[in-house]
1. Output the qualifying pairs, or none if there are none: Cβ atoms under 6 angstrom, residues six or more apart or on different chains, first residue in segment 1-23 and closer than 15 Å to Ala52 by Cβ, second residue modelled with pLDDT of 90 or more and assigned to a loop (DSSP other than H, G, I, E, B).
2. Looking at segment 47-57 only, could you name the residues that are farther than 11 Å from Gly78 by Cα and either surrounded by 14 or more Cβ atoms within 10 Å (Cβ to Cβ) or among the basic types (Lys, Arg) (or both)?
3. Which condition number does Ser110 fail, the rest of (1) loosely packed, with under 13 Cβ neighbours inside 10 Å; (2) at pLDDT 95 or above; (3) not in a helix (DSSP H, G or I) being met?
4. Just to be sure I understand the filter: pairs with C-beta atoms under 7 Å, separated by 6 or more residues or on different chains, first member in segment 24-37 and closer than 17 Å to Ile79 by Cβ, second member among the polar types (S, T, N, Q) and surrounded by 15 or more Cβ atoms within 10 Å (Cβ to Cβ). Which pairs pass?
5. Within segment 74-96, does at least one residue satisfy the condition of being at pLDDT below 90, buried (at least 16 other Cβ atoms within 10 Å of the Cβ) and more than 17 Å from the chain's Cα centre (by Cα)?
6. Can you tell me which of Ala69, Ala40 is surrounded by fewer than 15 Cβ atoms within 10 Å (Cβ to Cβ) and either closer than 14 Å to Arg15 by Cα or at pLDDT below 95 (or both)?
Amino acid sequence: MKMRALDPLLGTPARMAIMATLVDGRDWTFTELREATGLADGNLHVQTAKLAEGGYLRIKKIKRGARTATCYRAEDEGIEALRLHVEKLQRAMAGQRPGKPAAPPKNDDSRVW
């Protein structure tokens, strides 16, 4: 598989973990996302900013009493990009070429999406 076939925004474990967490479609606070991914504060901030710049997630500030909380939500474009990225990796692991649908796993009814 050539590198250009993979999405560069999803090419790091940190960004994959962030997007995989956000696919549920709800707003996640910084603290919730940090705990779910295990990323350090600075790394989470940098990686979410890159994903937001790419249009994969939305960052918004909400007022909570006297404080402001930062919340994150995956955009449709980001969810689709993650789905395609995972699909390409699955095809590569199955030894298939792009454009050829991956065969469903035998005796496994579970689905990622």
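1. Pairs that qualify, where the first residue is closer than 15 Å to Ala52 by Cβ and the partner is modelled with pLDDT of 90 or more and assigned to a loop (DSSP other than H, G, I, E, B), are Leu9/Gly54; Ala14/Leu39.
2. Residues satisfying the conditions are Gln47, Thr48, Lys50.
3. (2)
4. Here the result reads Trp28/Thr21; Leu33/Thr21; Ala36/Thr21; Thr37/Thr21, each pair linking segment 24-37 to a residue that is among the polar types (S, T, N, Q) and surrounded by 15 or more Cβ atoms within 10 Å (Cβ to Cβ).
5. Yes, some residue in segment 74-96 is at pLDDT below 90, buried (at least 16 other Cβ atoms within 10 Å of the Cβ) and more than 17 Å from the chain's Cα centre (by Cα).
6. Working: Ala69 fails: surrounded by fewer than 15 Cβ atoms within 10 Å (Cβ to Cβ).
Only one candidate passes the filter, namely Ala40.
The values are calculated or read from the model by the stated rules, or taken from the named source; none is laboratory data. As the structure is a prediction and not an experimental result, all values here were calculated from the model. Reconstructed Cβ throughout: ideal geometry from the backbone, glycine too, with neighbour counts over all protein chains shown.
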